[in-house]
């Protein structure tokens, strides 16, 4: 008699998946980090990265070679965006990862950009890839986070904006969420005292979520 157990993968309880796991191991032997052919400029510093389209163009043929495919689902729940990633094998076996949570933007364009950003990070995590300069790693100087918050300012922030950002920073559970919040703050004209408080909150929260 054979006894089967369950394994928790990315927060989802699944049965053992020997074929899809073996295929992922084989695929990772062929995968390479994508070329960093894009440049992001925050206003105070820039870094190189590969966008989602470039990563997908690189990994899809290799995954297909090993009978694998990737799907990503976007769900809105309680005002938050949740990104789920699924690795599917030709046998029908799957590995599920996520959710990766993030905030909804103030416009469809901002929300769409956040979804693309989160999908890229989730895909890299699943496949063990690195596609951008490590400017935000734990060992990077704390000033990087402050520089991001001090980027070019655009529209005037309201008291409601300040309160909402503070709450989002306090509730953030990973660096992707924090980075998205910082990008939104950087796009607004924030008072000196309010900005200093947000920077302090952001930096402290980053130290907690980036281990």
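The values are calculated or read from the model by the stated rules, or taken from the named source; none is laboratory data. Owing to the predicted nature of the structure, the values given are computational and were not obtained by experimental measurement. When we count neighbours, we look across all protein chains shown, and the Cβ atoms used for this are built from the backbone with ideal geometry, even at glycine.
Brief remarks follow.
For every residue, the table says whether it meets (1) modelled with pLDDT of 85 or more; (2) touching a helix residue (DSSP H, G or I) at 6+ places or on another chain (Cβ under 9 Å); (3) assigned by TED's automatic domain parsing to the domain that holds residue 19.
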{"position": "39", "(1), (2), (3)": "no, no, yes"}
{"position": "51", "(1), (2), (3)": "no, yes, yes"}
{"position": "65", "(1), (2), (3)": "yes, yes, yes"}
{"position": "68", "(1), (2), (3)": "yes, yes, yes"}
{"position": "74", "(1), (2), (3)": "yes, yes, yes"}
{"position": "81", "(1), (2), (3)": "no, yes, yes"}
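- Condition broken by residue 92, with the remaining ones in (1) touching a residue at least 12 places away in the same chain (Cβ under 8 Å); (2) farther than 30 Å from residue 165 by Cα satisfied: (1)
- Residues located in the range 72-108, provided they are surrounded by fewer than 15 Cβ atoms within 10 Å (Cβ to Cβ) and within 18 Å of residue 25 (Cα to Cα): 90, 91, 92
- When the range 113-128 is filtered for residues that are surrounded by 20 or more Cβ atoms within 10 Å (Cβ to Cβ) and under 12 Å from residue 103 (Cα atoms), the ones remaining, listed by number, are 114, 118.
- Residue 182 being assigned to a helix (DSSP H, G or I), farther than 21 Å from residue 114 by Cα and either in contact with a helix residue (DSSP H, G or I) (Cβ under 7 Å, 6 or more places away or on another chain) or at pLDDT 80 or above (or both): no
- Residue check for residue 102: modelled with pLDDT under 85 and part of a strand (DSSP E or B): yes
- Restricting the range 155-165 to residues that are out of contact with any helix residue (DSSP H, G or I) (no Cβ under 6 Å at 6 or more places or on another chain) and part of a helix (DSSP H, G or I) leaves a set whose member that is farthest from residue 81 (Cα to Cα) is 159.
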